[in-house]
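This is the structure I want to talk about, given as structure tokens.
The values are calculated or read from the model by the stated rules, or taken from the named source; none is laboratory data. This one's a predicted model, so the numbers in the text were calculated from it and none came from an experiment. Every residue, glycine as well, gets a Cβ built from its backbone with ideal geometry; the counts of neighbours run over all protein chains shown. Heads up: the accessible areas ignore ligands, DNA and RNA and are worked out on the full protein's heavy atoms, side chains in. Shrake-Rupley method; radii C 1.70, N 1.55, O 1.52, S 1.80 Å.
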Amino acid sequence: MNMKQKVGTGSVLVIIAIMLSMSVFGKERKNEKTLVFTVNMDCHACVQKIEGNIPYEKGVKDLKISLDDKTCEITFRTDKTSPEALVKAFGKIGYKAELKTDQPEEKKDNNEDHEGHIHQ
Amino acid sequence: MIRKVGFIVIGLIISNYSIADNRYVMGVVREKDNPALPVVGANIYWAGTSKGTTSDSMGAFRLALENALPDARLVVSFVGFRTDTLFAVPGNELQVLLERNTELDEVLIRERRKGVYLSTLDPVQSHKVTATELQKAACCNLSESFETNASVDIAFTDAVTGAQQIRMLGLSGTYVQTLSENMPMLRGLAAPYGLGWVPGPWMESIQISKGTSSVVNGYEALTGQINVEFKKPGGTEVLHFNAYGNDALKTEANLNYSHSFSDSLMTTVFLHGENQWKAIDLNGDRFMDLPNVRQINFMNRWNFIPKRGGHREIGIKALNELRRSGQVGAFGDPGAGLYGIEIETRRYEIFAKNGILFDRPGTSLGLQFSGSFHDQQSVYGLKQYTGTQYSVYFNAIYQGHFGSDLHTYKTGISFLGDWLDERLDDRPFRNQELVPGGFFEYSYNLIHRLNLLAGSRIDYSTRYGLFFTPRVHVRWSPQDWITIRASAGKGFRKPLPLAENHYLLASSRTLVLEPDLRQEEAVNTGASIQITLPLGERELTLVADYYYTRFLHQVVREMDRDVQRVYFSNLDGLSYSGAFQTELLYEPFRGLTLNAAWRWMDVKQTQNGIVRALPLTSRYKGMVSLSYKTRLNKWQFDLTTQFNGGGRMPDPDPTDPLWKEEYPPFTEVYAQITKRIKRWEFYVGVENLFDFTMDQPIIAAHDPWGKNFDGSMVWGPVHGRKIYVGLRYTLHHWE
């Protein structure tokens, strides 16, 4: 192996190591809590707008948006932010968010309550 | 069972069905804008199944519940309307209001997370490369957009001018039809350098279809089709700025700005500039490793959306490029006798589109027009080559259906005109062709299970006479997890050996053009299978495809017979390409995507009476691409490795061989890290990480005026590792 190849191989290994380590550290840690918010969004641009702003709020660690269900699942550091602060953050960009009454842990099988339609 | 009872619809006010029946879901489909109008022939089916029905003359439907899965959603679709998905609400007759589609394009695919979208619904095997994927690489222009694509190869065609070419199925890029929003682009004179004239930040997406394609866009796609969609006025971006620089001292800047005057009138201005500041010669052959390119590129487009639907668009493009290459210092001191290449290109284009929606739902007329003027002045050492080309294109597409979206069709007429004037030293060449044509394409679509696309076109060329282009595609998905496709079709092309190969002038070879070169004609057949399997929490997608292209007429470029000549002559014998490819797409865990592919190619051509492997064509191509995004998409890491198989070189001189008969396999690695901070993105990356270069890219580089000088014997990178940095700033309309 010549010098060029050593440098190249080394760089590849470093990049893979970064990818793997980031994914391992990406798991939920202490002081983190995941809550689901109902948000009055109805378009693709709304999703983009939320994706472009909420991640940069203090303490936010993860965000999963469902346009179909009009919900945002947010993982956040409880020592850095609060559900109230997050609702305020949605307000700042023009959306009304509220904590969903049934959070994933106690999510019930409620097929009969479903209503509404989704554009494909 | 109890759940199913929950779906029962009680038909209290149902006119068509007097008795409520709890074994069925019932309802009426109407137009949203005018609820008095029923939608006749709409498809109603359970999502994810093929169990469905169509609405009757009153818009009413009745669908059996026994086939429905618990919690199933009902999908209601009709051509010209937005597809609606809904839950069957108990206690009411379903009132489905379909909204008219104001766009003529097929349903937009809203797939943001994944950069590559392998369509399962399109009857043509196609990939969609989104803007997300385009940002994985430095992506300065169209040619670099295929770095992470397994089906398209980018090959340098010579070691001096930096001309690049797309290759599909192991065949030259001239057999791939390149389209700009479904209108022809990069034809004739624009073929050698045109990939560099489509800046990355202008593009919204790229669709790549393999094998024969739809007849609607013409007869030219022999091996595949690449369609570039540019960003559109009225999109989400208001302002986009990009700056790029690399360690070879090349810089680029891009600026896109959109403005909406009202809900119905909007415009976007695109500006691109690039410059290579310094001549780079790292391999010490006194020739620049990269051409010094200075480019200014501009586009302005306008959209007008009439209140009653449809759309109108108009746009202009202007390009000026100065490309200098050859020996370092050739332009500083003209008296020093150094070998220099200078190519100056001016290109202007205009395009317009008009979409008209008719009162009958699902019927529309699309009109496309484009015109271009291309002027090239060039000097290759002592050879002078100039070319001017005017091209016009017009296409009218009427879209209709036979009662429902089960049977739809597209029909229309087209016109293509090219006026090309070339001059090589004192020899003039003139090539004019006018091609009026007409087409009809029928499409059968059985609720996402079975599709048939059968089309044909008849064109009349003022050079080649009348010709007929039939094409057929079948797609069958017996289950949701499997899609099988097959296609067969013909393709034709006008050969322009000089315009498309003028980079060969960067050698001492004499170009020998046989008179009466015929129109190229090929048959392409292919089949593919796509499987999606659950593996862990995610789905694994596997694709295998095989495409066979057989030329009936071809202009053969032969470099074997004589090292001092290159011959262009009509094919006399067999010429084919067989390409088998397997591809795997998987997301092992959230954020990490893996794309791996391997392709074997068998490309043979009769040259001088012997069937031989096509020179400078790799026997295989492999790719492994890894991409990782952190949870909030703030960081992104991309790593792509390309494996290029070896192949045959054009025959060297038997008594004095100046190059080897074969070239070796080689590997290239690309890596990039992207950091996103709200509107900003910063990226740093490396191309050709292992710094792999050809030992001797130019034959007889020490003696460019001698008889052996040849820049066309290139099979791998001329320039080694390239490190780059860049930034992007995007302002969206809601900010």
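With in contact (Cβ under 8 Å) with a residue 40 or more places away in the chain and open to solvent by 10 Å² or more (accessible area, probe 1.4 Å) as the only criterion, which of B:W476, B:W481 stands out? Explain how you work it out, then say what you get.
Working: B:W476 fails: in contact (Cβ under 8 Å) with a residue 40 or more places away in the chain.
So the residue among B:W476, B:W481 that is in contact (Cβ under 8 Å) with a residue 40 or more places away in the chain and open to solvent by 10 Å² or more (accessible area, probe 1.4 Å) is B:W481.
When you scan region B:365-376, do you find a residue that is open to solvent by 70 Å² or more (accessible area, probe 1.4 Å) and without any contact (Cβ under 8 Å) to a residue 12 or more places away in the chain, even just one? Full working, then the answer.
If we filter region B:365-376 for residues that are open to solvent by 70 Å² or more (accessible area, probe 1.4 Å), which is where we start, we get B:369.
Those left that are additionally without any contact (Cβ under 8 Å) to a residue 12 or more places away in the chain: none.
Looking for residues that are open to solvent by 70 Å² or more (accessible area, probe 1.4 Å) and without any contact (Cβ under 8 Å) to a residue 12 or more places away in the chain, one finds none in region B:365-376, hence no.
Additional query: Within region A:18-100, considering only strands (runs of 3 or more DSSP E) that don't extend past its boundaries, which have at least 2 residues that are at the interface with chain B (Cβ under 10 Å from one of its Cβ atoms) and not hydrophobic (A, V, I, L, M, F, W, C)? Break it down stepwise before answering.
Values: elements: A:32-39, A:60-66, A:71-77, A:97-99.
Result: A:60-66.
Condition check: under 22 Å from the mean Cα position of the chain (by Cα), outside any strand (DSSP E or B) and crowded, with 20+ Cβ neighbours inside 10 Å. Does B:N524 satisfy that?
Values: under 22 Å from the mean Cα position of the chain (by Cα): yes; outside any strand (DSSP E or B): no; crowded, with 20+ Cβ neighbours inside 10 Å: yes.
No; evaluated as a whole, the condition is false for this residue.
Turning to a different aspect of this structure: How many residues does region B:418-430 hold that are within 27 Å of the chain's Cα centre (by Cα) and open to solvent by 20 Å² or more (accessible area, probe 1.4 Å)?
Of all residues in region B:418-430, those within 27 Å of the chain's Cα centre (by Cα) come to B:418-420.
Adding the requirement that they be open to solvent by 20 Å² or more (accessible area, probe 1.4 Å) leaves B:419.
Residues meeting the conditions: 1.
For region B:592-604, does any single residue satisfy the condition of being outside any strand (DSSP E or B), modelled with pLDDT under 95 and open to solvent by 30 Å² or more (accessible area, probe 1.4 Å)? First the steps, then the outcome.
Keep residues of region B:592-604 that are outside any strand (DSSP E or B), which gives none.
No, region B:592-604 has no match at all.
Within region B:127-156, can you find the residues that are more than 23 Å from B:N254 (Cβ to Cβ) and modelled with pLDDT of 80 or more?
Taking region B:127-156 first, the residues more than 23 Å from B:N254 (Cβ to Cβ) are B:127, B:150-151, B:153, B:155-156.
Listed by number, the residues that qualify are B:A150, B:S151, B:D153, B:A155.
Which of the residues that make up region B:691-716 are under 34 Å from the mean Cα position of the chain (by Cα), of a type in the set (D, E, K, R) and open to solvent by 20 Å² or more (accessible area, probe 1.4 Å)?
Going residue by residue through region B:691-716, those that are under 34 Å from the mean Cα position of the chain (by Cα) are B:691-699, B:710-716.
Of the ones still in play, those that are also of a type in the set (D, E, K, R) are B:691, B:695, B:710.
Those that are under 34 Å from the mean Cα position of the chain (by Cα), of a type in the set (D, E, K, R) and open to solvent by 20 Å² or more (accessible area, probe 1.4 Å): B:D691, B:D695.
A quick yes/no check of all residues on (1) farther than 30 Å from B:Q581 by Cβ; (2) surrounded by fewer than 19 Cβ atoms within 10 Å (Cβ to Cβ); (3) outside the structural domain of B:A150 (by TED's automatic domain parsing); (4) at pLDDT below 95:
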residue: B:S625; (1), (2), (3), (4): no, no, no, yes
residue: B:Q642; (1), (2), (3), (4): no, no, no, yes
residue: B:K660; (1), (2), (3), (4): no, yes, no, yes
residue: B:T674; (1), (2), (3), (4): no, no, no, yes
residue: B:R679; (1), (2), (3), (4): yes, yes, no, yes
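Would you confirm whether or not region B:441-463 contains a residue that is under 19 Å from B:Q554 (Cβ atoms), in a loop (DSSP other than H, G, I, E, B), open to solvent by 50 Å² or more (accessible area, probe 1.4 Å) and touching a residue at least 12 places away in the same chain (Cβ under 8 Å)?
yes
Please go through region B:208-240 and pick out each residue that is closer than 26 Å to B:E441 by Cα and either assigned to a loop (DSSP other than H, G, I, E, B) or outside the structural domain of B:E147 (by TED's automatic domain parsing) (or both).
Within region B:208-240, B:G211, B:T212, B:S213, B:S214, B:G218, B:Y219, B:E220, B:A221, B:L222, B:T223 meet the criteria.
Failed condition for B:L186, given (1) assigned to a loop (DSSP other than H, G, I, E, B); (2) open to solvent by less than 10 Å² (accessible area, probe 1.4 Å); (3) hydrophobic (A, V, I, L, M, F, W, C); (4) under 30 Å from B:S528 (Cα atoms), with all others met?
Failed condition: (2).
Oh, and also: So which of B:A155, B:A221, B:A190 ends up being in contact (Cβ under 8 Å) with a residue 60 or more places away in the chain and farther than 30 Å from B:T411 by Cβ? Don't jump to the end; show me each part of the working.
Numbers: B:A221 fails: farther than 30 Å from B:T411 by Cβ; B:A190 fails: farther than 30 Å from B:T411 by Cβ.
Just a single option satisfies the conditions, and that option is B:A155.
Of the conditions (1) more than 9 Å from chain A (Cβ to nearest Cβ); (2) under 26 Å from the mean Cα position of the chain (by Cα), B:L731 clears all except one; give me its number.
For B:L731, the failing item is (2).
Tell me which residues, restricted to region B:269-285, are assigned to a strand (DSSP E or B) and surrounded by 15 or more Cβ atoms within 10 Å (Cβ to Cβ). If you could, list the steps in order and put the result at the bottom.
Quick first cut of region B:269-285, residues assigned to a strand (DSSP E or B) only: B:269-276.
If the condition is that a residue be assigned to a strand (DSSP E or B) and surrounded by 15 or more Cβ atoms within 10 Å (Cβ to Cβ), then B:F270, B:L271, B:H272, B:G273, B:E274, B:N275, B:Q276 are the ones that fit.
Results for (1) among the acidic types (D, E); (2) buried (at least 24 other Cβ atoms within 10 Å of the Cβ), shown as yes or no for each residue.
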residue: B:E144; (1), (2): yes, no
residue: B:I154; (1), (2): no, no
residue: B:D158; (1), (2): yes, yes
residue: B:Q164; (1), (2): no, no
residue: B:M168; (1), (2): no, yes
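Here are the criteria: (1) over 25 Å from the mean Cα position of the chain (by Cα); (2) open to solvent by 40 Å² or more (accessible area, probe 1.4 Å); (3) within 28 Å of A:G52 (Cβ to Cβ). Tell me which single one B:M266 does not satisfy.
Only one criterion is unmet by B:M266, namely (2).
Further, regarding this structure: When you go through B:L498, B:L504, B:L513 one by one, which is the residue that is over 28 Å from B:V216 (Cβ atoms) and either open to solvent by 20 Å² or more (accessible area, probe 1.4 Å) or hydroxyl-bearing (S, T, Y) (or both)? Lay out the reasoning, then the answer.
On the way: B:L498 fails: either open to solvent by 20 Å² or more (accessible area, probe 1.4 Å) or hydroxyl-bearing (S, T, Y) (or both); B:L504 fails: either open to solvent by 20 Å² or more (accessible area, probe 1.4 Å) or hydroxyl-bearing (S, T, Y) (or both).
Sole residue among the options that is over 28 Å from B:V216 (Cβ atoms) and either open to solvent by 20 Å² or more (accessible area, probe 1.4 Å) or hydroxyl-bearing (S, T, Y) (or both): B:L513.
Continuing with the same structure: Return yes when B:T655 is open to solvent by less than 30 Å² (accessible area, probe 1.4 Å) and either at pLDDT 90 or above or within 14 Å of another protein chain (Cβ to nearest Cβ) (or both) and no when it is not. First the steps, then the outcome.
On the way: open to solvent by less than 30 Å² (accessible area, probe 1.4 Å): no; either at pLDDT 90 or above or within 14 Å of another protein chain (Cβ to nearest Cβ) (or both): yes.
The answer is no for B:T655.
Further question on the same structure: Please list, ordered by residue number, the strands (runs of 3 or more DSSP E) wholly in region B:632-690 having 2 or more residues that are over 26 Å from the mean Cα position of the chain (by Cα). Even if it seems obvious, please write down each step before you answer.
Numbers: elements: B:635-644, B:666-677, B:680-687.
Counting at least 2 such residues, we get B:666-677, B:680-687.
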